[in-house]
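So the structure is just underneath, and the comments pick up after that.
A short reminder: the numbers here are calculations on the coordinates, not readings from a lab. Keep in mind that what you see is a predicted model, and the values were worked out from it rather than measured. All Cβ positions, glycine included, derive from the backbone under ideal geometry; neighbour counts span all protein chains shown.
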Amino acid sequence: MIANPIYGGAYAYGKSRSVPRYDGRSGIRHKARDEWLALIPDAHEGYVSWERAEEIRKMLSDNVPASRHHGAPKHGDALLAGLFRCKRCGRKLTVRYTGNKHNIPRYSCWRGLLDNGEPRCVAFGGLRVDDAIEEALLGVVEPGAVTAAIEAERNMASQRDQVQDAFLRDLEAARYAADRAFRQYDAADPENRLVTSELEARWNSALARVGEIESKIAKHRTVTPQPFLMSASQVAAIAGSLRTVWTAPTTDARLKKRIVRTLINEVVADLDDGTSEIVLVIHWVGGVHTELRLPKRRRGQRNATPDDIVDAVRQLVLIANDDVIAGVLNRNGLTTGNGNRWTRERVTALRSYRKIPVFRPQIDGVEPWLNLGGAAKLLGITPKTLRLAAEAGEIEGTHPLPDGPWIFSRSRLTTSQARQILDRVRQNPRHPAGSHPNQESLFPSIT
């Protein structure tokens, strides 16, 4: 009904035509609007004005997710869903969500492939693109935010004053009618009971009307907030917090999409293979065009494991298996490229992808690489002494992670530097390396 011209008070004729069907009968097909035989606005009284009816019709047309329209804003996180158009084929780009929580948008030109089997034109991730469009949008909106806030407050105050003025005018008219009814009743002859009873009823009705309007005024003043007069600095502070409100997690995604559709007609996207960049041309509502160039993310760049974690795994496989390595990485607060905790399977997948060999214990038990406890036992000193020597650079050792094991090479533990550490410890009378000769054991040998 709201799409019918009658809704706006217009007369229309010749909106459809008869067409033959495959079974020989005739069917009805709707014509385009420029093919109608007659369209006369303001021909009769409508439910709304003709201008308002046209705005509603355009809104309904834009909410249809066809190739020439934006489509209605949805709940998804993709800010530009329905606004992207491919520069190569002219079709609308579709959006799909990836990631563990399905919250990472990705824009792709799939219609040619799905409809006609044509090769896919362009595809790129949506996080970086949405961030760039948000920055451009906020840069356009923020300069006029102060003026918009002041104008909104002025309009609200004016609207409140108009309602109150209307109630006061009604109250003045009701009081005049009540006073007039009282004067008529007072001037009547008391002996004429029929006349006086009728005048008394009119007077009571006028008084009830006055009380009804007074209650409406009291209710209006109660429920309507009073205007808060803000200074220019306060209004500027509110306008400056637009970016904070926009990026708040509680802000509705559909509201942000409506704001984007108010300011942007569409965004034409293309890929520059020579410079590996995403080329975006923003078509603003006022007719201005802005070009943005963003570096295209390489495959696996965003969710790849950091190089420092890969280097730590390369060193930890010298003394530990995948299960132990996963525990060490989690203890240090490290996660995968996708933000997940490490497990044995994920460490195995990382080693397989990076071609890192697996830890295999030696058959004879002589390991070429030792941890702190094994190296200290081999030298005959305490682990703390060996750790302090390694931290001071007196012996070579590797410490890949702050909250992780030390790694020592067996060949380095047989050098002259290691023997010097052992000799110095044995010569220290306060901290002897071995037991005192007079120390007795609580469990004497029975053999």
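Working note: Cα atoms of region 307-427, range along each principal axis, descending, whole Å: 53, 31, 18.
Taking amide H as placed 1.01 Å from N in the peptide plane, the amide H of Phe84 sits under 5 Å from that of Leu93, Val267, each at least 5 places away or on another chain. Karplus-based coupling profile of region 270-284, in residue order and whole Hz: 7, 10, 9, 5, x, 9, 6, 10, 9, 9, 10, 10, 8, 9, 6, with θ = phi - 60° in 6.51 cos²θ - 1.76 cosθ + 1.60 and x standing for Gly or Pro.
The order of Thr398, Thr275, going from fewest to most other C-beta atoms within 10 Å of their C-beta, is Thr275, Thr398. Computed from the C-beta positions of Thr275 and Leu127 and an R0 of 25 Å, the FRET efficiency is 0.80 to the nearest 0.05.
Taking R0 as 56 Å, what FRET efficiency do you get between Ala43 and Asp189 from their Cβ-Cβ distance, rounded to the nearest 0.05? Mind dumping the intermediate values first?
Working: r = 57 Å, r/R0 = 1.01.
Efficiency for this residue pair is about 0.50.
Here the alpha carbons of region 85-133 define both size measures, Rg and Dmax, at 11.7, 33 Å. Using the Cβ-Cβ distance between Glu198 and Gln162 with R0 set to 35 Å, the FRET efficiency from 1/(1 + (r/R0)^6) comes to roughly 0.40.
Per-residue extension of 0.36 nm, minus the Cα-Cα distance of His102 and Ala248, leaves a gain of 50.6 nm for this segment. Inter-label distance, Tyr353 to Ala12: 5.6 nm, where each label sits 7 Å from its Cα along the C-beta direction. Neighbour counting of Cβ atoms within 10 Å sorts the residues Cys121, Cys109, fewest neighbours leading, into Cys121, Cys109.
Put in line by how crowded their Cβ is, counting other Cβ atoms within 10 Å and starting with the fewest, Met1, Met59 read Met1, Met59. Kirkwood's formula applied to the C-alpha pairs of region 1-62 gives a hydrodynamic radius of 12.8 angstrom.
Remark: region 80-90, residue by residue, has Karplus-estimated 3J(HN,Hα) of 10, 5, x, 9, 7, 10, 6, 6, 7, 10, x Hz, where x stands for each Gly or Pro and the curve is 6.51 cos²θ - 1.76 cosθ + 1.60 at θ = phi - 60°.
Full extension of the chain between Thr414 and Lys31 yields a length gain of 128.4 nm, computed as 0.36 nm times the residue separation minus the alpha carbon distance. Once the Cα-Cα distance is subtracted from the 0.36 nm per residue extended length, the Thr335 to Leu388 segment shows a gain of 16.1 nm. Amide H contacts for Glu277 (H built 1.01 Å from N in the peptide plane; partners 5 or more residues away or on another chain; cut-off under 5 Å): Asp272, Lys296.
Over region 1-62, calculate the relative contact order: mean separation of alpha carbon pairs under 8 Å at least 6 apart, over the residue count, as a percent. Can you show the working numbers first?
On the way: 95 pairs, mean separation 27.7, N = 62.
With pairs under 8 Å counted, the relative contact order is 45 percent.
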